[in-house]
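The values are calculated or read from the model by the stated rules, or taken from the named source; none is laboratory data. If you're wondering where the values come from, they're calculated on a predicted model, not measured in any experiment. Backbone-built Cβ (ideal geometry, glycine too); neighbour counts: all protein chains shown.
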Amino acid sequence: MSVVIRSAIFFLGQLLSSIVLAPLMVLLSHRPFQLRYGCAQLWVRFNLWTLKTVCGLRYEVQGVENIPQHIGVILAKHQSTWETIALQAIFPPLVFILKKELLRIPFWGWAMATQDPIAIDRGAKSAALKQVLRDGEERLKTGRWVVIFPEGTRMPPGQKGRYNASGAMLAQRAGCPVVPVAHNAGKFWRRKAFLKFPGVVRVRIGPAIDASRFSTAEINRQAEEWIEAQMTEISHCDKSE
């Protein structure tokens with residue numbers, strides 16, 4: 001079966017699962033977060049299963065032992081749509097920071113709105129930062145991890161964007177650790193691409209950075225250096241296979 005057909009089957013499954021579960025999640029929008037998040041996990045697990053069984057795309061995780069028992073801020077490499085799905089299966093309950101326009105997407109956006117994301121206006125940078133810090137701290141206080149993609153947008157494999165310090169600032173303000181995450185999902189599910197290629201996404205979770213011990217700039221530097229060093233190692237592993 002060709003990659004095109006496999007990708008089309010996955011897309012159909014993703015679309016149908018969104019159409020089926022989104023109305024249910026909207027109905028549960030006033031129920032406790034744990035119930036809403038549990039419903040979203042059905043969508044996450046189904047789509048990861050479809051990626052594995054239909055597209056031949058699976059993943060392996062190194063460094064699970066580095067995930068602290070208490071909540072924190074996740075600073076993750078952003079290459080693909082894949083990590084926005086898979087991080088929900090790897091980490092405890094979490095919320096994303098995303099563009100508010102995404103919540104207008106039929107079905108998927110409606111369902112995402114029930115997960116209490118931090119929806120920002122990226123055009124208003126100063127207000128967006130204040131919102132990330134305010135709402136992020138509130139989410140952390142309620143026991144939910146916050147995912148931040150410090151490069152701000154999806155970067156193709158081999159490329160690197162400027163790391164902004166909002167995640168480090170949030171961790172300092174909330175008094176929680178920063179957990180860096182590297183992966184090579186963009187090799188198999190490219191930015192804004194329809195095709196999903198078979199293979200193994202390598203996910204690496206780094207040691208937690210104690211935000212109480214370092215400045216914002218130092219936290220950001222440590223996270224960036226660790227992530228990019230892991231990306232280089234992962235790339236070398238891919239080339240040697």
>> With the structure loaded, tell me whether GLN34 is within 19 Å of the chain's Cα centre (by Cα) and more than 22 Å from CYS237 (Cα to Cα) or whether it fails that test.
In response: yes
>> If ILE219 satisfies all but one of (1) within 24 Å of SER126 (Cα to Cα); (2) at pLDDT below 95; (3) β-branched (Val, Ile, Thr), what's the number of the condition it fails?
In response: (2)
> Is it the case that the range 174-185 has a residue that's free of Cβ contacts under 8 Å to residues at least 24 places away in the same chain and out of contact with any Lys or Arg (no Cβ under 9 Å at 6 or more places or on another chain)?
Replying inline: no
> Quick one: GLY63 ticks every box in (1) in contact (Cβ under 8 Å) with a residue 60 or more places away in the chain; (2) in contact with a Gly (Cβ under 7 Å, 6 or more places away or on another chain); (3) crowded, with 19+ Cβ neighbours inside 10 Å bar one, so which box is it?
Replying inline: (3)
>> For the range 151-171, check the following and say yes or no: at least one residue is at pLDDT below 95, of a type in the set (Asp, Glu) and over 19 Å from the mean Cα position of the chain (by Cα).
In response: no
> If you check VAL147 against the conditions, is it in contact with a helix residue (DSSP H, G or I) (Cβ under 7 Å, 6 or more places away or on another chain), buried (at least 24 other Cβ atoms within 10 Å of the Cβ), β-branched (Val, Ile, Thr) and assigned to a strand (DSSP E or B)?
Replying inline: yes
> How many residues are surrounded by 16 or more Cβ atoms within 10 Å (Cβ to Cβ), in a helix (DSSP H, G or I) and among the aromatic types (Phe, Trp, Tyr) if we restrict to the range 18-59?
Replying inline: 4
> Would you pick out the residues in the range 106-144 that are part of a loop (DSSP other than H, G, I, E, B), within 14 Å of the chain's Cα centre (by Cα) and without any contact (Cβ under 8 Å) to a residue 60 or more places away in the chain?
Replying inline: PRO117
> So which residues in the range 80-105 are without any contact (Cβ under 8 Å) to a residue 24 or more places away in the chain and in a loop (DSSP other than H, G, I, E, B)?
Replying inline: ILE105
> Can ILE97 be described as buried (at least 18 other Cβ atoms within 10 Å of the Cβ), of a type outside the set (Lys, Arg), out of contact with any Pro (no Cβ under 6 Å at 6 or more places or on another chain) and under 20 Å from HIS30 (Cβ atoms)?
Replying inline: no
> Mind checking which residues of the range 159-174 are surrounded by 16 or more Cβ atoms within 10 Å (Cβ to Cβ) and assigned to a loop (DSSP other than H, G, I, E, B)?
Replying inline: TYR163, ASN164, ALA165
> Residues in the range 26-49: is at least one touching a Cys at 6+ places or on another chain (Cβ under 8 Å) and more than 30 Å from ALA223 (Cβ to Cβ)?
Replying inline: yes
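Residue-wise test of (1) aliphatic (A, V, I, L, M); (2) more than 27 Å from SER212 (Cβ to Cβ); (3) out of contact with any helix residue (DSSP H, G or I) (no Cβ under 6 Å at 6 or more places or on another chain).
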| residue | (1), (2), (3) |
| --- | --- |
| VAL3 | yes, yes, yes |
| GLN14 | no, yes, no |
| HIS30 | no, yes, yes |
| TRP43 | no, yes, no |
| THR50 | no, yes, no |
| GLY56 | no, yes, yes |
| THR81 | no, yes, yes |
| GLN88 | no, yes, no |
| PHE91 | no, no, yes |
> Of all residues in the range 182-241, how many are part of a loop (DSSP other than H, G, I, E, B), within 19 Å of TYR163 (Cα to Cα) and polar (S, T, N, Q)?
Replying inline: 2
